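No value in this document is a laboratory result; all are computed from the given coordinates. Here the structure is a predicted model, which is why all the values come from computation and not from measurement. No Cβ is skipped: glycine too gets one built from the backbone with ideal geometry, and neighbour counts run over all protein chains shown.
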Amino acid sequence: MRPILTMLVIGALSALAACQSSLTGKEGNLTFYYPTDDELDFNKPIAIGAKLDLTVKTAGLPKAAVELTAVKSSNPQVLAAGPFLGGVFTLEGKGSGSAQITVTAKKSDGTTVSDSIDMMARKPDKIEVYHSCAAGAADAFYLVDKKIFLPYDFKMANGQSVIGYGYHALSVAPAAALVQDQIAKAQWAYLYQTQKLPGDVTVTSQLEPTRSWTLRLVDEGAIDGGKLDALTNKTIEVLAGLPAYVLARPTIGGKPLCQPDTTFSAVSKTPEVCTVAPSAAKAQANKELVEAWSWLTITGKQVGVCQLEVTWPKANKGQGLTVPLKVNVDALTKPTQP
């Protein structure tokens, strides 16, 4: 991982997760928003059986809050216009098709304004499931008795994304191994509580029954190694004089442990070169920080090699494990004047 990426990873990824897709209504009076990874494409279909919360504000600048007084769907059999509160309302996919959604709202000056948008609902053809620490892998390790996230995307046969929360398109076996959080409104991942005993769990697509993924649930005693995660296999670099965030990743048989909410400690073995401390970053509900439980804050004091040790006291069948690791500390250089 290059120094600039290491420095800015927390702030930049948090900003990414806050993206919103927006569309101004047909009459140009109001703008509609919903959280998304792709702010360029607003009108993605809502999955049949799923819901989507939309926020309404005045069009133009500044974007001002409004209070909704009415929300109506032209085709409730396709998209039901659910409850609204303040400037937020909910749509629910009911059947394949499209509908015009019309809202009436009161502005801060007391005047009333209306606007409308066209929305669609579709049944997705596939669900793509991802392990947050091993993208593309059919299986990955997770801890028992923890809250975990299983990222997913709904797709049409043509590759178009389908959005919404509350539609669970996976079968779980054994069924009691993962307890779904049915209150969460995340559109990007299912939230589960894992069972208390180790074992393999299979999740199978209800849209494509031949597709499945495996979660290998383990306790901390299964940890037998560790590494510092980077974008490449090279030594991670940090800059002297600036704090950097690095992920201390426990491993099992050389494979990563996803969302490592573990007991661990870290210490610098070269205090003249760097200081090392577990970070307080624990953004549990943030898409880009699902791996944020075991970040380290490494502050380079001078150019050299930062030697550190990370200890997982419950690893190695409860006997504990200390892993020596290192990062390069480079000089902070100012850009040259043109």
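Summary table below
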{"quantity": "Given (i) 0.99; (ii) 0.93; (iii) 1.05, the label whose value is Rg/Rh (Cα atoms, Kirkwood Rh) derived from this model", "calculated": "(iii)"}
{"quantity": "Where labels lie 7 Å past Cα in the beta-carbon direction, separation of GLN206 and LYS147 in nm", "calculated": "2.4 nm"}
{"quantity": "Part-to-part distance (alpha-carbon centres) for the range 67-117 and the range 189-223, which is given in Å", "calculated": "38 Å"}
{"quantity": "Spin-label pair GLN160/THR333, simplified geometry with 7 Å Cα→Cβ offset, distance in nm", "calculated": "4.9 nm"}
{"quantity": "Burial ordering of LEU215, LEU23, LEU239, fewest other beta-carbon atoms within 10 Å first", "calculated": "LEU23, LEU239, LEU215"}
{"quantity": "Nonlocal amide H pairs with LEU143, under 5 Å, H built at 1.01 Å", "calculated": "VAL218"}
{"quantity": "Residues in the range 122-143 reached by a label modelled at LYS255 [backbone nitrogen below 18 Å; 7 Å Cα→Cβ]", "calculated": "129-143"}
{"quantity": "Difference of contour (0.36 nm per residue) and Cα-Cα distance, LYS107 to THR24", "calculated": "28.3 nm"}
{"quantity": "Amide proton proximity set for LYS255, modelled H, under 5 Å, gap of 5+", "calculated": "none"}
{"quantity": "Under the Karplus curve 6.51 cos²θ - 1.76 cosθ + 1.60, θ = phi - 60°, whole-Hz ³J(HN,Hα) for the range 90-96, x wherever Gly or Pro sits", "calculated": "10, 10, 10, x, 10, x, 6"}
{"quantity": "Fewest-first sequence of GLU272, GLU220, GLU27 by Cβ atoms within 10 Å of each Cβ", "calculated": "GLU272, GLU27, GLU220"}
{"quantity": "Greater than 26 Å apart at Cα, pairs in LYS94/LYS185; LYS155/LYS227; LYS227/LYS269", "calculated": "LYS155/LYS227"}
{"quantity": "Segment LYS301-SER96, length gained on full extension (0.36 nm per residue, minus Cα span)", "calculated": "67.8 nm"}
